[in-house]
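Have a look at the structure below, then the notes.
Bear in mind these aren't lab numbers, they're just calculated from the coordinates by the rules spelled out. Keep in mind the model is a prediction, meaning the values are calculated, not measured. All Cβ positions, glycine included, derive from the backbone under ideal geometry; neighbour counts span all protein chains shown.
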Amino acid sequence: MNFKPIYLASRSPRRRELLQQMGVDFAVISADTDESVSPDEQPAEYVQRIAREKAQAGLSSLNGLETRPVLAADTAVIVDGEIFGKPVNDDAARRMLKQLSANTHQVMTAVALAFNGDIKLALSVSEVRFSLLSESEIDWYLATGEGKDKAGSYAVQGLGALFIEEIRGSYSGIMGLPVRETGQLLKQMESQREQ
């Protein structure tokens with residue numbers, strides 16, 4: 001498939017890799033947003049709101065010079081109804097990994113595509129089952145530093161895969177950008193641009 005060029009409102013190297021894998025030409029733009037969870041906000045509502053706000057922040061950074069769609073995404077890990085974002089420090093990461101241990105959690109990634117005053121959203125929901133983690137395994141993983149900027153404190157595409165027993169859903173969605181859903185949004189936007 002041939003996709004038209006877009007802006008990517010994300011600094012994530014994983015999202016860049018996945019867009020390159022899809023053959024999408026993109027330029028990275030700034031999209032700073034407050035990722036705090038609102039009171040009583042449900043996980044699906046949360047990731048969709050943050051993805052939408054990142055897309056809007058990306059549009060704002062263009063100062064009215066929007067010449068192509070702006071793509072943004074947000075990923076959260078959900079354990080027993082609690083939303084795990086990126087850990088603020090090693091203690092938070094340790095707490096998250098202990099809760100993931102021998103447990104199944106959800107990974108939700110929302111994708112937002114903004115163009116011409118319209119924002120389209122897609123949501124990917126996957127399940128990941130972790131093995132039982134020992135204290136020494138958690139210590140080792142924290143020392144690698146791999147999970148510092150990852151939702152849930154682990155990277156499915158990295159050393160964190162050593163802890164995963166089962167995945168149901170979208171591997172790319174767990175990485176941070178569900179390829180199928182993103183491709184569908186891009187195709188939908190392109191068909192509207194041609195009308």
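Cross-link partners for Lys120 among the aspartates and glutamates, with Cα-Cα distance under 13 Å and sequence neighbours closer than 8 places in the same chain left out: Glu53, Glu181, Glu190. Charge dipole (Cα centre; +1 on Lys/Arg Cβ, -1 on Asp/Glu Cβ; no other charges) of segment 156-195 amounts to roughly 100 debye.
Adding -39500 (n - 2.57) for every DSSP H run of four residues or longer, then dividing by how many residues the chain holds, sets the calculated 222 nm ellipticity at -11500 deg cm²/dmol. How much net charge surrounds Val125 when only other residues with a Cβ under 12 Å from its Cβ are counted (Lys, Arg +1; Asp, Glu -1)? So the environment of Val125 carries a net charge of -1.
When +1 charges are put on Lys and Arg Cβ atoms and -1 charges on Asp and Glu Cβ atoms, the dipole computed for the chain relative to its Cα centre reaches about 620 debye. Toward the positive end of the charge dipole of segment 6-194, with +1 on the Cβ of Lys and Arg and -1 on the Cβ of Asp and Glu, the farthest Cα among Ile83, Gln56, Gln42 is that of Gln56.
Note on the chain: the alpha carbon radius of gyration divided by the globular reference 2.2 N^0.38 Å gives 1.04.
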